[in-house]
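*Asks:* First, the structure itself, so that you have it in front of you.
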Amino acid sequence: MRKVFLLTFVITTMLKVYAQDKVEVEVLPGEFWWGGLSAIGHNTPYDVSTKVSHNLWGDNKGNQAQPLLLSSKGRYVWSESPIEYSFESGKLEVTTKADKIEFGSAGKNLRDAYDYSVENYFPPNGKIPDDLLFTKPQYNTWIELTYNQNEVDILNYAQAIIDQGYPPGVLMIDDNWQESYGTWEFSSRRFTDPKGMMNRLHDMGFKVMLWVCPFISADTENFRYLAKEGMLLLDGDKTKEVLWANTKNKAAIIRWWNGASACLDLSNPKAQNWFEERLKYLMDEYGVDGFKFDAGDSDFYTGDIVSFVPDTNPNDHTTYFAKLGLQFPLNEYRASWKMAGLPLAQRLRDKNHNWNDLAKLIPDLMSQSIMGYAYTCPDMIGGGEYQSFENNTTIDEELVVRSAQVHSLMPMMQFSVAPWRVLSKENNKLCLEAAMLHAKMGNLFLKLAKNASKTGEPIVKPMVLAYPNGGFETIKDQFMLGDTILVTPVIEKGQRKRKVILPKGKWVAENGNMFKGGRTIEIEVPLSRLPYFTKK
């Protein structure tokens, strides 16, 4: 018989409940819950009126996921395996296909639950990603070049960054610089002197990352080698035996956004070593500084596949891919599973070029923080869907400016579309000011990142985590940078005034005006202003 634990009383002391199959929790009056999936952080917090269900098994929603739920009343849920959770009729129900579910109370508020979870489930390891990811803006070639990554245009893009006065930082060369997926060599058709290009980019002040993924283009030399050596995921569909004489040795072909490919079996140490050697070759041969690790989503592994480690669940394949990045301090991930506390740069999934998606940016990033992912990066400024920028007449200049302002006081900021190409001179100047503000704050970001590596404290956090007893559970348009800076950007089109909720204390705005806290104020927010407040 399945064991069900129904708790309907307020827990005031430490209580841990273990269940193999299922936990049911009565949501308390005034209680709020966060966690699970960063991609839908904008839908949190959940409360007694919420009706929602999510299954993390093989579904990370294109972003970071964590088998963790935390409550404003100090309660927590954790499992080492993917969970399915639902809120309905005032109850939280959590199940898992394997392992145990841990449920308990660590205190009286979200801070207590978060600190307990950091200590017990994802303690930091004392390391951070590369400093430059925090201290200067990042630049990604995706929107400007899409699948036409080539030496000439990459150098032109980098030179334009310098000519326009933007500070050089990390430059990411995105998908299709390579010969094919799995053949991690610069395409000779698009790069005549890749080593020379790298030298020029370094001389300009950039560190350079290359986009990589776990997929392998079929019918290539590397595919045949990897298949022969048993380093690819295998097709476990026995119905194909009539088509293939030796099914047990046939590589699985997986559908993803760039077609259909084979995939490295990174549960196999031999495949891990092969991939690591290819990446280190690029560093040694060309001077590449790091890598953008993409396409490790757990839903790619939900099919009938056979791996080196038997019965590996889809989410663990995502983790195998993420662990590769731990050897490369200059890294970026979009999909992660149970990698909180570790030195990986975690980017939000692509946002569309619209105001609704801009409004999601803050709560989604705060969701990352609550789940223990401290080294966070919002999506590309203005949005990461390249189709949005194919027609200049549909580009919303105000949106790009406000997006740059929101990014500027987050741990990392990343440009892709060139502001100087799509904006007026006046609006490009405002984006430049946002970039310079981020660079000005660079040492603070680095200090907070180093603190996160020791304590697990997020660099940016929702107000409810900074002030757990302040009644700030549902605020989604403000956030704290460290413990002393309250960031209150504009995320609505045409807005020139906004209300700011100030916690108790004395606060100084970025323009020098001083305010007494513990109240709501209204301020002027012209397009040129990014308001933020420092606690005295």
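*Asks:* Considering only DSSP beta bridges whose two residues both sit in the chain, what percent are antiparallel, to the nearest 5?
*Replies:* Bridges in the chain that DSSP calls antiparallel: roughly 70 percent.
*Asks:* Choose one of 69, 138, 259: the residue whose Cα lies farthest towards the positive end of the charge dipole of the chain (beta-carbon charges +1 Lys, Arg; -1 Asp, Glu; about the Cα centre).
*Replies:* It is 69, whose Cα lies furthest towards the positive end.
*Asks:* Take peptides 80-91, 204-215 and line them up by average Cβ neighbours within 10 Å, highest first, as a rough protection proxy. Write out the running numbers ahead of the final one.
*Replies:* Numbers: 80-91: 17.8, 204-215: 21.5.
Packing proxy ranking, top to bottom: 204-215, 80-91.
*Asks:* How large is the dipole of segment 207-365 about the Cα centre if only Lys and Arg carry +1 and Asp and Glu carry -1, each at its Cβ, rounded to the nearest 20 debye? It would help to have the intermediate numbers written out before the result.
*Replies:* On the way: 19 positive and 22 negative charges, 26 e Å.
So the magnitude is around 120 debye.
*Asks:* Among 315, 381, 218, which residue has its Cα furthest toward the positive end of the charge dipole of the chain, with +1 on Lys/Arg Cβ and -1 on Asp/Glu Cβ?
*Replies:* 381
*Asks:* Assuming R0 = 56 Å, can you tell me the calculated FRET efficiency for the pair residue 253 and residue 504, based on Cβ-Cβ distance, to the nearest 0.05? Intermediate values should be presented prior to the final figure.
*Replies:* Working: r = 59 Å, r/R0 = 1.06.
That gives a FRET efficiency of 0.40.
*Asks:* Now, a different point. If you place +1 on the Cβ of every Lys and Arg, -1 on the Cβ of every Asp and Glu, and leave all else neutral, what size is the dipole of the chain about its Cα centre, to the nearest 20 Debye? Before the final figure, lay out each step's value.
*Replies:* Working: 60 positive and 65 negative charges, 367 e Å.
Here the size comes out at about 1760 debye.
*Asks:* Between the DSSP loop rule and a limit of at most 16 other Cβ atoms within 10 Å, which GluC sites (Glu not before Pro) in segment 162-234 are left?
*Replies:* Working: sites: 179, 185, 221, 229; in loops: 229.
For GluC sites (Glu not before Pro) across segment 162-234 that sit outside H, G, I, E and B with at most 16 neighbouring Cβ atoms in 10 Å, the list reads 229.
*Asks:* Based solely on its DSSP helices, what 222 nm [θ] is calculated for the chain when runs of n ≥ 4 H residues each add -39,500 (n - 2.57) and the sum is averaged over all residues, nearest 500 deg cm²/dmol? The partial results should precede the final answer.
*Replies:* Details: 14 runs with 147 residues, N = 536.
Rounded to the nearest 500, the figure is -8000 deg cm²/dmol.
*Asks:* Rounded to a whole number, what % of the accessible area of the chain do carbon and sulfur atoms account for, probe 1.4 Å?
*Replies:* Working: 10120 of 21010 Å².
Answer for the chain is 48 percent, counting heavy atoms of protein chains only.
*Asks:* Grab the Cα-Cα distance for residue 440 and residue 164, subtract it from 0.36 nm times how many residues apart they are, and report the gain in nm with one decimal. Present the calculation step by step, with values, prior to reporting the outcome.
*Replies:* On the way: separation 276, 0.36 × 276 = 99.36 nm, distance 1.75 nm.
This chain segment gains 97.6 nm when fully extended.
*Asks:* So, with +1 on the Cβ of K and R and -1 on the Cβ of D and E, and no other charges, what is the size of the charge dipole of segment 49-165 about its Cα centre, to the nearest 20 debye?
*Replies:* Working: 11 positive and 16 negative charges, 144 e Å.
Using only the charged Cβ atoms, the result is roughly 700 debye.
*Asks:* Would you please classify the overall shape of the chain from the alpha carbon gyration tensor, given that a ≥ b ≥ c denote the square roots of the eigenvalues, rounded means a/c under 1.5, and beyond that prolate means a/b larger than b/c while oblate covers the rest?
*Replies:* On the way: a/c = 1.98, a/b = 1.07, b/c = 1.84.
Oblate shape, in that a/c is at least 1.5 and b/c is the bigger or equal ratio.
*Asks:* Send over a whole-number figure in Å² for the accessible area per residue of the chain, probe 1.4 Å.
*Replies:* Computed with neighbouring chains in place, this is 39 Å² per residue.
*Asks:* Along the positive direction of the dipole of the chain (beta-carbon charges: Lys, Arg +1; Asp, Glu -1; about the Cα centre), which of 443, 341, 416 reaches farthest?
*Replies:* Farthest towards the positive pole: 443.
*Asks:* Now for a separate question. So what does log10 I(q)/I(0) come out to for segment 402-536 at q = 0.09, 0.14 Å⁻¹, using the Debye formula with one equal point on every Cα and no solvent?
*Replies:* -0.28, -0.67
*Asks:* Per-residue counts of other Cβ atoms within 10 Å, averaged by peptide: what ranking do you get for 384-397, 278-291, highest first? Display every interim value, and only then the final one.
*Replies:* On the way: 384-397: 15.1, 278-291: 17.7.
Highest-to-lowest ranking by the protection proxy: 278-291, 384-397.
The values are calculated or read from the model by the stated rules, or taken from the named source; none is laboratory data. The shown structure was predicted, so the numbers you read here are calculated from the model rather than taken from an experiment. Glycine also receives a Cβ, built like all others from the backbone with ideal geometry; neighbour counts cover every protein chain displayed. Heavy atoms of the whole protein, side chains included, go into the accessibility calculation; ligands, DNA and RNA do not. Shrake-Rupley method; radii C 1.70, N 1.55, O 1.52, S 1.80 Å.
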